[in-house]
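Worksheet: one structure, shown below.
The values are calculated or read from the model by the stated rules, or taken from the named source; none is laboratory data. None of these values were measured; they are calculated from a predicted model. For neighbour counting, all protein chains shown are included, and Cβ atoms are generated from backbone atoms with ideal geometry for every residue, glycine included.
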Amino acid sequence: MRRLSSVLAIGLSLWFVVAVSASDKGSRDPVALLNFVILKDDNGKPVRNAGVVMHSVDKHGKQDRGGLELKTDADGKASFDGVPYGKLRVQVLATGFQTYGEDYDINQTTMEITIKLKRPAGQYSIYEDQQNDKKPAPDPNAKPQP
């Protein structure tokens, strides 16, 4: 019985030391809860199953190796709790939309980040008639003029 109480006392002491050191660590390295909302730019509707990729960024602007990817739900929402304060690079990838990328300064316990994705823009080609050309393209079926 005495041995059991000694083991229990040691166990409680270890638990207390671990709990105190964890709370001290938490106060030195604050973390944030990030809530993302991903919407379509043209109509404001949510983008389902978009990939939200987060990378920490060092003081020189270089992204650290690794990262974390979240997927949006049917409402275009994703969240993550435990993001350390500092610079964070956020990229959003979704089929049918331009890739989004931006750096954020994480400095609050809770942050709401709303991102509006754009559709891809048309591409320019030197082989096609451009809208700025005043002269219309010749009709290949037109009869030759004398």
Out of all the residues in segment 119-128, is one or more within 14 Å of V52 (Cα to Cα) and of a type outside the set (D, E)?
-> no
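Residue-by-condition table, conditions (1) over 18 Å from L33 (Cβ atoms); (2) of a type in the set (F, W, Y); (3) surrounded by fewer than 16 Cβ atoms within 10 Å (Cβ to Cβ):
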residue	(1), (2), (3)
V52	no, no, no
H60	yes, no, yes
L70	no, no, no
Y85	no, yes, yes
T99	yes, no, yes
Y104	no, yes, no
N107	no, no, yes
T114	no, no, yes
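Give the residues of segment 83-108 that are of a type in the set (A, V, I, L, M) and in contact with an Asp or Glu (Cβ under 8 Å, 6 or more places away or on another chain), sorted by residue number. Can you show your working first?
Here is the first cut: in segment 83-108, the ones of a type in the set (A, V, I, L, M) are 83, 88, 90, 92-94, 106.
If the condition is that a residue be of a type in the set (A, V, I, L, M) and in contact with an Asp or Glu (Cβ under 8 Å, 6 or more places away or on another chain), then L88, V90 are the ones that fit.
Please report, ordered by residue number, the strands (runs of 3 or more DSSP E) entirely within segment 57-112 with at least 2 residues that are basic (K, R). Break it down stepwise before answering.
Values: elements: 68-71, 77-84, 86-93, 100-106.
Filter on segment 57-112 gives 86-93.
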Those residues of segment 79-103 which are under 19 Å from K118 (Cβ atoms), within 14 Å of the chain's Cα centre (by Cα) and not charged (D, E, K, R), in sequence order | V90, Q91, V92, L93, A94, Q98, T99, Y100, G101
Test F80 against the criterion of being modelled with pLDDT of 95 or more, farther than 19 Å from L34 by Cβ and not basic (K, R), and give yes or no.
-> no
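Can K143 be described as at pLDDT below 95 and among the basic types (K, R)? I'd like the intermediate steps shown before the answer.
Working: at pLDDT below 95: yes; among the basic types (K, R): yes.
It is true that K143 is at pLDDT below 95 and among the basic types (K, R).
Could you list, in sequence order, all residues of segment 106-140 that are of a type in the set (A, V, I, L, M, F, W, C) and modelled with pLDDT of 80 or more? It would help to see each step written out before you state the result.
Narrowing segment 106-140 to residues of a type in the set (A, V, I, L, M, F, W, C): 106, 111, 113, 115, 117, 121, 126, 137.
If the condition is that a residue be of a type in the set (A, V, I, L, M, F, W, C) and modelled with pLDDT of 80 or more, then I106, M111, I113, I115, L117, A121, I126 are the ones that fit.
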